[in-house]
Every structure is written in C-alpha cells, then in structure tokens.
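The values are calculated or read from the model by the stated rules, or taken from the named source; none is laboratory data. Source: prediction; values computed, not measured. Cβ sites come from the backbone with ideal geometry, for glycine too, and all protein chains shown count toward neighbours. These accessible areas exclude ligands, DNA and RNA; they are computed on the full protein's heavy atoms, side chains included. Shrake-Rupley method; radii C 1.70, N 1.55, O 1.52, S 1.80 Å.
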Amino acid sequence: MERMKGETRKTRLTPEGWDGGGSTRREFIGNIRGASAFAIASSATTFGASKAASADVASFADDKGRAQQSFANREKAALDDRLLPIPKQTPNRDEHLYPNFVGNYTKGLPHNPIGEVDTKAYRTLLSAIDAGSFRAFEKVPLGGNVKQGNPLSGLALDLEGVDSHQLAILAAPAVASQVRADEAVELYWMAVLRDVSFADYATNSMAQAAAAELSSLPGFNGPRIGGNVTAQTLFRGFTPDDLLGPYVSQLNMQPFAYGPYSMSGQMSMYVPGIDYMTTPAAWLAVQNGQGPFGNNQVDPQPRFIRNGRDYCMYVHTDPNAGLFISFYNAGIWLFANSAPLNPGNPYRYYQKQFGFGTFGFPFFLGMIGECSRRAFEAAWYQKWFVHRNLRPEEFGGLVHRTITQQASYPLHHDVLNSAAVKETFSRFGSYLLPQAFPEGCPQFPAYPSGHATMAGACATLLKAAFDGSVPFASLTNGKIVMASSDGPLLVPYTGADVGQLTLNGEINKLASNIAIARNMSGIHWRADAVYGMLLGEALALSILSDQSNNYPGENFDGFTIEKFDGAKVSV
C-alpha cells in the first residue's frame, strides 16, 4: 500500500462532497464541531506577550505563504490517500455456510448448554454491524456481564495515512479447512509446551514430538528447514530473520533506563503449570461472558523471558494487553546506545545540528504511539466489520464436542487425530484448548491480531529510525545473549549463526515474538499473527508517506525501509 516518493495525483479533493464543491475553507472549518474553540485558542496567542512579540506574531500571521504550504501538503496527502481504491474485502464463507455460526466469533453472547450461540443474538450483532452505531450495539444481548470490545473503533476516521477501510488482508482459513486444523494443532502443542524453555527445544521429547507432527501436516504454514519443522523453527515467525539466533529478540533482553528508573530486563512471571478453561463448565462460563474470572498467579522470582508462559505474561500485561512497550523500550535502548540512524535521516550527515522534534528521539517514539493507535483501528475494522473469525478457544470447544460425540462439526481430521490433542486430554481430561489466562481471549473477534498489527506498525517505525543493516553485536560489545533455562540469568548465545544477527532482523523477530506470544496464550491463530503484522506494516508506511513533504528545510529525501518480505521501499 505504500506510495513511492515523487508520485503525483491529478484529482482535486475539496472539503465539500469530495468532488469539487464550492465551500470555502473558512466555511468548512466553521461546520466542524469545536471549531469555535479552535478560533478562540488561536486568537489568544498574544495574550500577555510583549509588543514586539505581538508584532512578530501579527507579522507572521499576515504571511500566508507558510499557511498555504501547510495546506498544500495536507491537500496533496489527502488527494493521494483518497485516490487509493477501497479494496474488496474477502471474508471466508463460514458465516453463510453454517446456520449455527460455529465458524464465527460468538464470545460474550448467550450460548446453549453445549456452547452453541443463540442465533437470534448473533443476528442482532450482525444488524448492529450493518447499522454501525452505538445505539445498535447497545441492543446486542450479552450472555453475562463482560462487554464487547470497542467494535465501533473500526469505523473511526483519521487525518493522516490511508483510511483503515483502504487496507485489506486475505480471508481467514475456514473452520473446515486443513489449514485451520493444522494451525489448531500448533496451538495445542504451544499449550503443552508453555513451561518448556526455548533453550531446551532441541532436547525436550515433547518439543521433538511437536516438530515431528507439525512436519507431517501439509496445511501447516509455519517455517520449515528442508521441508521439516525443527527445534530452530518451532513456533517461530515467518521472516527469515526469525530463524536465526535465540528465540527471544535481543531487543527484549537489554537493560535500559526510563529516566531515573533502571530496568534490568527481568520480570515477575506467572506461576508455571496453571492453565485455564480446561473443563466444559469453566469453558462455557467464559463463552457466555460470565465474569469475574479471577487472576493469574504471579511468581515473585524475577527472570528473563525463557518460555512460552513467560511471553504469555508479557503480552497479557503490556500494559492491559495491547500497548507498544516492547518497541518503545527498544527505541529508548537504541537511542541510548547510539545505534546508527537510518541513512535517510538528514541529521546523520549534519555537523552542527542533531535531530529532536524532527528526526530525533521524541519524533520516533511519539510516532510509535501514533502508529500503534492507528493499527488498532485498522485491525478492529477487519475484526468486526469484515471477518468475525472465531477464536481458538471457540474452535477448541468444537474439537471437544466432536470427539466426545456431543455434536458433529466440519472439522478436518488432522486436528481430531492429533497427538497434541490426545496429550491435552491425558493431562486435563478434556479436548478443550488450555488457556494461559482465566478469561481466555478478549471479547472481540480473532482476525487479525491487534498485537500483531501494532507490532507490524511499530517495527516499521523502528526501521525508519535506525540503520537495520548493522550487525546487532556491534551494539552490544559483541555479546549475543539468551535466558538460562530457569530464567534468572542471561547466558551467551554461541550458535554458528551469531554473526548473522542484524538490527533489522531483531526488529523483525521482536514483532514476531509479540504476535506469536498471543498464540502461545491460546487466543490467536498463526494467520492472525502473520496478516496482522503485514497490515500494520502497510499502515505505518502510509503514515510515513503522508509526512514525507513536511520538512522543507531539512533536505529530507525519504527513509529506505526493508519490509518483512525483504523488499526495500522509500517513503
């Protein structure tokens, strides 16, 4: 979706009707709610100022050249964005194929005793989606006391970057497909292996069994080496960089400082061995949204991220699940350690100036927050208004009821015959997908993952900030580290690929870590992670593109960014 620098657009955008209406800019602003407050604030700029300062302000206000330049930049960006077509959105057909809506997200609505949704309630949800108003969503019945998660954010408009409705992702795998079944097998293995250290995957018998079964599944789209899933590819992301070095990105291992606060990189993690929603009664209560659900137990012994459960805790509390602290922290550390700037940053070449409000520390860290918020809007549009894809815990209910012959659903035999599903039953006495959190997933649909979309956008901002081609070890005095198997220590990583780790690669890995940690929690699918990251990347590139003409004095020619697929673009 990114536009290369230098592209021109011919169609004129006007505030009135978008096709050449005749209102003036003043009339347009006058029709905006709150415009009068804006005018009052503007008129107050000289209050209490000296006569000289007042004269300067008046003189500047009389100079219409800058105001016109600012308007022209905004107009051009709006024209460019407007002319991008709104693509056809392509959900899978599960909502039309199954009258009982078993292929779609239904959490929080009323369900019958075996967990099938009240179809009248689901149709009321569809009516609210068609209406797109808060009044309509207030009429959707709940099965308990937990509210649905902010569906209307998917309709929010913005003044920068492409509109969320101008972005599209592929249809999610259908509930009956082999791809969905094989994704589910991976999730069951992730649950089984939550407490196994990433460092032990090569020697742990269950990890070896997981790799063997996933290798045998034609519909499994995770990474492989020589056609096989190995200890080095198990549960990793989709970029080539994800397969290098330790599982956890180096950017999540570094000590740094929040001003006067020292951060060691250690965290208090959840107590191992405690999983949730493994009985039909507990599962059904959560599906109906009948809280409160309790809290995870926290182990007071701090440690570095060493296994799936540790990462589950991280993305459950970051904070309140969904913010961008990994990338913000990484930016703090990279600036503090003088990581080389992106070659497109003009301040890389100046001898007597450094970047700050533009092209510097606050510029990029502020942009991370901005792009994060926009990423959630884009994801929420896809979640609620396009796909409404079911969550893994809902799919686990279909698996349990099918195997126990309470009902019959169109599930591919790969998941019904899975060794991971059988191991789950031997541990818990049910075929439900064990969850890392008492409440399971949040109350909004699965596809794409909000964390993944945020991660894709924020990773793109870090790539705009820094030269990703540098060896990562050059930033750490040659040290590449990983958590010890028990977690309290960092130990050297000595793999043969240690010299291949780059800053860009560890940014990619950080994005994948954050996205896939939600899968490890039992609340997202592999497709949610992959396409969420790609969606966030496209959004961030569009925002950077819209900003590219805003720096007239700094000789800025654009950032060159290597995307997740390895292609390089200039924005």
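I'd like the carbon and sulfur percentage of the solvent accessible area for segment 85-174, probe radius 1.4 Å, heavy atoms only, ligands and nucleic acids excluded.
With neighbouring chains kept in place, the figure for segment 85-174 is 58 percent.
Is it possible to state the helix-based mean residue ellipticity at 222 nm for the chain, with each DSSP H run of 4+ residues giving -39500 (n - 2.57), the sum divided by total residues, to the nearest 500 deg cm²/dmol? What is it?
-12500 deg cm²/dmol
Rounded to a whole number, what % of the accessible area of segment 478-523 do carbon and sulfur atoms account for, probe 1.4 Å?
For segment 478-523, the apolar C and S fraction of the accessible surface comes to 62 percent.
Among A527, A538, G553, flag the residue with its Cα farthest along the positive direction of the charge dipole of segment 523-571, charges on Cβ as +1 for Lys/Arg and -1 for Asp/Glu.
The listed residue farthest towards the positive side: A527.
Hey, what's segment 336-486 come to in accessible area per residue, 1.4 Å probe, Å²?
Ligands and nucleic acids excluded, the result is 34 Å² per residue.
Once you list every other residue whose beta carbon is under 14 Å from the beta carbon of Q500, what net charge do they have if Lys and Arg are +1 and Asp and Glu are -1?
With Lys, Arg at +1 and Asp, Glu at -1, the net is -3.
Rounded, prolate or oblate: which fits segment 214-301 when a ≥ b ≥ c are the square roots of the eigenvalues of the alpha-carbon gyration tensor, with rounded for a/c under 1.5 and prolate only if a/b beats b/c?
Oblate shape, in that a/c is at least 1.5 and b/c is the bigger or equal ratio.
Explain nothing, just compute: Karplus ³J(HN,Hα) = 6.51 cos²θ - 1.76 cosθ + 1.60, θ = phi - 60°, for every residue of segment 129-135 in order, whole Hz, x for Gly and Pro.
The phi angles translate into 5, 5, 6, x, 10, 5, 4 Hz.
Points 7 angstrom from Cα along the Cβ direction at I114 and T358: gap in nanometres?
6.5 nm
I'd like to compare 416-424, 200-208: which one has the highest average count of other Cβ atoms within 10 Å, and what's the full order after that?
By packing density, highest mean first, the sequence is 416-424, 200-208.
Using the charge dipole of the chain (Lys, Arg: +1 at Cβ; Asp, Glu: -1 at Cβ; taken about the Cα centre), state which of A420, F235, G440 has its Cα farthest towards the positive end.
Result: G440.
Mind checking the angle between helix 392-403 and the chain's longest principal axis? C-alpha axes, 0 to 90 degrees, to the nearest 10.
So the inclination is approximately 20 degrees.
Under the Karplus relation 6.51 cos²θ - 1.76 cosθ + 1.60, θ = phi - 60°, what is the ordered set of whole-Hz ³J(HN,Hα) values for segment 292-299, x standing for Gly and Pro?
Values per residue, Gly and Pro as x: x, 10, x, 10, 5, 7, 9, 7 Hz.
Please report the equivalent ellipsoid semi-axes of segment 499-571, computed as sqrt(5 x eigenvalue) of the Cα gyration tensor, largest first, in whole Å.
The three semi-axes for segment 499-571 are 29, 15, 9 Å.
How would you order 508-516, 461-469 from highest to lowest mean count of nearby Cβ atoms within 10 Å?
Taking the mean over residues of other Cβ atoms within 10 Å, the ranking is 508-516, 461-469.
Would you mind telling me the share, in percent, of accessible area of segment 196-279 contributed by carbon and sulfur at probe 1.4 angstrom?
On segment 196-279, the fraction of accessible area on carbon and sulfur atoms equals 58 percent.
Could you state the angle between the C-alpha long axis of helix 419-428 and the longest principal axis of the C-alpha atoms of the chain, as a value from 0 to 90 degrees rounded to the nearest 10?
Rounded to the nearest ten degrees, it is 80.
Size of segment 411-512 along its principal axes in angstrom, Cα-based, largest extent first?
Taking the Cα atoms of segment 411-512, the three principal extents are 50, 32, 28 Å.
Under 1.5 on a/c is rounded, so check that first for segment 112-169, then, if it is not, pick prolate when a/b is larger than b/c and oblate when it is not; a ≥ b ≥ c are the square roots of the alpha carbon gyration tensor eigenvalues.
prolate
With point charges of +1 on the Cβ of Lys and Arg and -1 on the Cβ of Asp and Glu, referenced to the Cα centre of the chain, which listed residue (N112, G226, P246) lies farthest in the positive direction of the dipole?
Comparing the listed Cα positions along the dipole, N112 ranks first.
Quick check: the angle from helix 51-62's long axis to the longest principal axis of the chain, C-alpha only, nearest 10 degrees?
Rounded to the nearest ten degrees, it is 80.
Solvent-accessible area per residue for segment 268-325 at a 1.4 Å probe radius, Å²?
Value returned for segment 268-325: 41 Å² of accessible area per residue.
Taking 28 Å as the cut-off for C-alpha to C-alpha distance, list the pairs among K88/K147; K76/K563; K422/K563; K76/K463 that go past it.
In this structure, K88/K147; K422/K563 exceed 28 Å between Cα atoms.
Counting only residues 5 or more places away or on other chains, whose amide H sits under 5 Å from the amide H of N389 once H atoms are built in the peptide plane?
Y105, A446, Y447
Could you compute the FRET efficiency for I225 and L97, with r as their C-beta to C-beta distance and R0 at 35 Å, rounded to 0.05?
That gives a FRET efficiency of 0.45.
Can you tell me how much longer the chain between M263 and F71 gets when fully stretched, taken as 0.36 nm per residue apart minus their C-alpha distance, in nm with one decimal?
Gain on extension, M263 to F71, equals 64.8 nm.
Which order do peptides 247-260, 517-530 fall in by mean Cβ count within 10 Å, highest first?
Highest mean packing first, the order is 517-530, 247-260.
Provide the convex hull volume over Cα atoms per residue for the chain, in Å³.
179 Å³
Probe of 1.4 angstrom, ligands and nucleic acids ignored: what's the accessible area per residue over segment 173-259, in square angstrom?
Roughly 31 Å² per residue, with all protein chains present.
To the nearest 20 Debye, how big is the dipole of the chain about its Cα centre, given +1 on the beta carbon of each Lys and Arg and -1 on that of each Asp and Glu?
Roughly 700 debye, rounded to the nearest 20.
Dipole magnitude of segment 435-557 about its Cα centre, charges +1 at Lys/Arg Cβ and -1 at Asp/Glu Cβ only, in debye to the nearest 20?
Taking the Cα centre of segment 435-557 as origin, the dipole is about 280 debye.
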